[in-house]
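Asks: Have a look at this one.
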Amino acid sequence: MNWLAKKTIVVPVDFSDDSFAALDMAREIVDDPTHLHVIHVLPTLEANDPGVIWQMIDDESRSQHAAEALGKALADRGHRGLEVCIRFGDPGHEIARYAEQVNAGLVIVSSHGQSALKHLLIGSVADRVVRLAHCPVLVLKR
C-alpha cells in the first residue's frame, strides 16, 4: 500500500529538466492525477520596469502566457489534466502558501546544484520551501 495514497502533492515547475523529473516522480507515487498540483511562480514586476512604464506588460498577460506555456510543456511530456497554478512573488513563500491552501500532504521540489558561495548568498527555493511548508517536503537532487 502506498503511504501517500490520496494525498495532495504540490510540485513547483520552473521549466527545467529537474523540475519535470520531480513531476514524473510525483506522478509515480500519487494514485489519482487529480491530486497532483503544479505551481509556477513568476517574479513581481518593478514599477520602473520598461514594460510596466509603457503599459506593455501586466500580471494578467504574464499569467496567461505562463499558463499556456506550462500547459503545452506538460502536454508534451504526457501530463494532462493536472491542476495548474500561476503565482507572483518569492517562489519559496508562494509554494509554501499554495501547499497550505490546497492542504497538500507533500511537496516535491527539485534541487538545482548551486555553488556553495551562491547558495550562501542567495539561498535556494528548496531551502525556503523546506523551512516554510506545513507538510513534508521531498527534495530531489540530480
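Asks: Can we say G78 is closer than 19 Å to S19 by Cα, touching a Lys or Arg at 6+ places or on another chain (Cβ under 6 Å) and at pLDDT 85 or above?
Replies: No, not satisfied.
Asks: Hey, another quick one. Name every residue in region 70-84 that is closer than 12 Å to V11 by Cα and buried (at least 19 other Cβ atoms within 10 Å of the Cβ), in order of residue number.
Replies: Correct list: L82 only.
Asks: Among the candidates A96, A73, A104, which residue alone is more than 21 Å from L138 (Cβ to Cβ) and under 14 Å from the mean Cα position of the chain (by Cα)?
Replies: One residue alone meets the criteria, A73.
Asks: Within region 57-114, how many residues are assigned to a helix (DSSP H, G or I) and in contact with a helix residue (DSSP H, G or I) (Cβ under 7 Å, 6 or more places away or on another chain)?
Replies: 5
Asks: When only residues in region 1-43 that are among the aliphatic types (A, V, I, L, M) and over 25 Å from D90 (Cα atoms) count, which is modelled with the highest pLDDT?
Replies: I29
Asks: Separate question: Within region 84-105, is there a residue that is modelled with pLDDT of 90 or more, among the hydroxyl-bearing types (S, T, Y) and over 15 Å from S19 (Cα atoms)?
Replies: Within region 84-105 (the criterion being modelled with pLDDT of 90 or more, among the hydroxyl-bearing types (S, T, Y) and over 15 Å from S19 (Cα atoms)), the answer is yes, since at least one residue qualifies.
Asks: Output the residue which, of all residues in region 11-22 that are assigned to a helix (DSSP H, G or I) and without any contact (Cβ under 8 Å) to a residue 60 or more places away in the chain, is nearest to I108 (Cα to Cα).
Replies: Residue satisfying both the conditions and the ranking: F20.
The values are calculated or read from the model by the stated rules, or taken from the named source; none is laboratory data. On a predicted model such as this, the values are computed, not experimentally measured, just so you know. Cβ: placed from backbone, ideal geometry, glycine included. Neighbour counts: every protein chain shown.
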